[in-house]
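The values are calculated or read from the model by the stated rules, or taken from the named source; none is laboratory data. This is a predicted model, so every value here is computed, not measured. Reconstructed Cβ throughout: ideal geometry from the backbone, glycine too, with neighbour counts over all protein chains shown.
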Amino acid sequence: MTNLPIPIQVLYAGLGGTVLALIIATIMNRWSIRVFVLLSLRLAIGWHFLFEGLYKVNSHLIGPSETNRPFSSEPYFRNAPGPIGAYMRKQFGDPNEVIADRVRAANQLPDFKNRPVDEQAAACPSSVARQLDDMQERAQEAVKSEAAKELAKAVADEAKAKTDAEKTKAKEAADQARAEGRKKNDSAAAIAKERITAAKAAYARWVQGAEGRPTTVKRISGEVLLSAPQRLEHLDWLRREMKTAEERVAADLGNGVGIEQKRAAELRADLIASESDLSKDADAFVAELKKDLNGGEAVKDDARQTRGQLTDKVTMWFLVAVGACLMAGLLTRLACLLGAGFLVMTYLAYPPFPWYPLPPNTEGNPVFVNKNVIEFLALLVLATFPTGRWMGLDALIARMMGRRYADAT
């Protein structure tokens, strides 16, 4: 019944206590309908903010699992078309920087697939090459681990042998595994270097267009093999199409302007999504190569926390704080203004304009005005009334500061 580790009985008790406090506050303010309605509005918005924030905090406390995904605003801002959409996306990393650094080749070399492996490896983007070179020590350990596993398997097979013929064959296999194990241990550094060179060459073949990788393409079922140049060409095509559509919108082409606006918005969303996908696929390819070098075990990089991830942490605790203040009637007017400001930022990222796509999980079909606008206006209305003194800690603070109790009537 609830996504939070809070017993439903506690939630019922909290809701019942809130309703009781609302009734008492209304009675103390001479049964004022205005007090009842405004306090109900404040408590409802506070409850909404508080539990939205608690849900996000709890998702991080649980961590990633099959049934839980820690809160991140990145998917929301991924295709945000509003005035601050591009700025918010960059807080999670600029995909175009990754593309320029790891995907776009400085020079396209002819007949790349038939070149020697060493020459292919030399064409690997420098940032990727550095990451793979840093795997030298782990790759060496993986080589030694492989030798140990092969020897252990041979010894186990030798122990299982029953007949003389099986024992002789198993002993020969064990002796060969020991010899190969010693050889691998002695030349682990050289083998690791060869594997790193092969990994660089594999990445370079994708960047140079010699090999493709499974790629999901919009409106095509299944995956298709595409190289980096082919995906870059698709991005260039989207940019040209988007520019043409925007020029048609700017020309205000009579009755077709609405259709052109929607087409331009769709192309813009496709371009943003394709850039993000290419950036993530490049990182996933590097992670896959590092995993292979590490003996099949994924390598956890000490990635720096992006500004977007820091913003997410601030956001979820901000929602908890604003919601708690509205519920408790503490610094109520300030909490209303802070909440209203947050809603403005959300609106500017994904404004419900007819020519923009709707945000994910949108209910209904808002045009210009959505729930964020309505809640924003409600918070501004609450900020004009001393609702914290009608019911809340603001009344206690006001008395401590020597101010008179604000009459509701």
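Selection over the range 120-142 of residues that are within 29 Å of the chain's Cα centre (by Cα) and under 16 Å from Ala228 (Cβ atoms) gives a count of 6.
Each residue in the range 369-409 was checked for being at pLDDT 85 or above, loosely packed, with under 14 Cβ neighbours inside 10 Å and in the same structural domain as Ile45 (by TED's automatic domain parsing), and 1 of them qualify. When the residues of the range 1-18 are filtered to those that are in contact with a Ser or Thr (Cβ under 9 Å, 6 or more places away or on another chain) and surrounded by 12 or more Cβ atoms within 10 Å (Cβ to Cβ), the one that is nearest to Leu393 (Cα to Cα) is Leu11.
Report the residue count in the range 113-163 for those that are assigned to a helix (DSSP H, G or I) and modelled with pLDDT under 70.
Here is the first cut: in the range 113-163, the ones assigned to a helix (DSSP H, G or I) are 113-114, 117-122, 126-133, 136-160.
Keeping just the survivors that are modelled with pLDDT under 70 gives 150-160.
So the count comes out to 11.
Residue count for the range 367-398 satisfying the condition of being in contact (Cβ under 8 Å) with a residue 12 or more places away in the chain, more than 28 Å from the chain's Cα centre (by Cα) and over 23 Å from Met28 (Cα atoms): 3.
Report yes if some residue within the range 73-81 is more than 30 Å from Arg268 (Cβ to Cβ), out of contact with any His (no Cβ under 7 Å at 6 or more places or on another chain) and touching a residue at least 40 places away in the same chain (Cβ under 8 Å); otherwise report no. Within the range 73-81 (the criterion being more than 30 Å from Arg268 (Cβ to Cβ), out of contact with any His (no Cβ under 7 Å at 6 or more places or on another chain) and touching a residue at least 40 places away in the same chain (Cβ under 8 Å)), the answer is no, since none of the residues qualifies. Quick one: would you say Val322 is touching a residue at least 60 places away in the same chain (Cβ under 8 Å), part of a helix (DSSP H, G or I) and either over 23 Å from the mean Cα position of the chain (by Cα) or closer than 24 Å to Arg30 by Cα (or both)? Against the criterion (touching a residue at least 60 places away in the same chain (Cβ under 8 Å), part of a helix (DSSP H, G or I) and either over 23 Å from the mean Cα position of the chain (by Cα) or closer than 24 Å to Arg30 by Cα (or both)), Val322 qualifies.
Answer yes or no as to whether Ala86 is surrounded by fewer than 20 Cβ atoms within 10 Å (Cβ to Cβ), small (Gly, Ala, Ser) and under 17 Å from Ser276 (Cβ atoms). Give the derivation first.
On the way: surrounded by fewer than 20 Cβ atoms within 10 Å (Cβ to Cβ): yes; small (Gly, Ala, Ser): yes; under 17 Å from Ser276 (Cβ atoms): yes.
Yes: the conditions hold for Ala86.
Within the range 213-248, count every residue that is at pLDDT 85 or above and either polar (S, T, N, Q) or surrounded by fewer than 16 Cβ atoms within 10 Å (Cβ to Cβ) (or both).
Going through the range 213-248, the residues at pLDDT 85 or above turn out to be 213-215, 224-244.
Restricting the remaining residues to those that are either polar (S, T, N, Q) or surrounded by fewer than 16 Cβ atoms within 10 Å (Cβ to Cβ) (or both) gives 214-215, 224-225, 227, 230, 233, 236-237, 239-240, 243-244.
Final tally of qualifying residues: 13.
Scanning the range 44-96 for residues being within 16 Å of Thr346 (Cα to Cα) and of a type in the set (Ser, Thr, Tyr) gives a total of 4. Each residue in the range 36-56 was checked for being among the aromatic types (Phe, Trp, Tyr) and buried (at least 21 other Cβ atoms within 10 Å of the Cβ), and 1 pass. Scoring Val314 on the criteria (1) under 30 Å from Gly388 (Cα atoms); (2) part of a helix (DSSP H, G or I); (3) touching a residue at least 40 places away in the same chain (Cβ under 8 Å) leaves a single failure, condition (3).
Here is a yes/no grid of residues against (1) more than 19 Å from Ser126 (Cα to Cα); (2) outside any helix (DSSP H, G or I):
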site: Lys193; (1), (2): no, no
site: Pro214; (1), (2): yes, yes
site: Thr244; (1), (2): yes, no
site: Ala273; (1), (2): yes, no
site: Ser279; (1), (2): no, no
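Check the range 318-328 and report whether any residue there is under 17 Å from Tyr76 (Cβ atoms), in contact with a Phe, Trp or Tyr (Cβ under 6 Å, 6 or more places away or on another chain) and assigned by TED's automatic domain parsing to the domain that holds Phe77. Spell out the reasoning first.
At the first step, the residues of the range 318-328 found to be under 17 Å from Tyr76 (Cβ atoms) are 318-319.
Filter again for in contact with a Phe, Trp or Tyr (Cβ under 6 Å, 6 or more places away or on another chain), leaving 319.
From the residues that got through so far, the ones that are assigned by TED's automatic domain parsing to the domain that holds Phe77 too are 319.
Scanning the range 318-328 turns up at least one residue that is under 17 Å from Tyr76 (Cβ atoms), in contact with a Phe, Trp or Tyr (Cβ under 6 Å, 6 or more places away or on another chain) and assigned by TED's automatic domain parsing to the domain that holds Phe77.
The listed residues are Asn58, Asn96, and the only one of them that is touching a Leu at 6+ places or on another chain (Cβ under 7 Å) and of a type in the set (S, T, N, Q) turns out to be Asn58. Just a yes or no: is a residue in the range 346-358 among the hydroxyl-bearing types (Ser, Thr, Tyr) and at pLDDT 90 or above? Yes, the range 346-358 contains at least one residue that is among the hydroxyl-bearing types (Ser, Thr, Tyr) and at pLDDT 90 or above.
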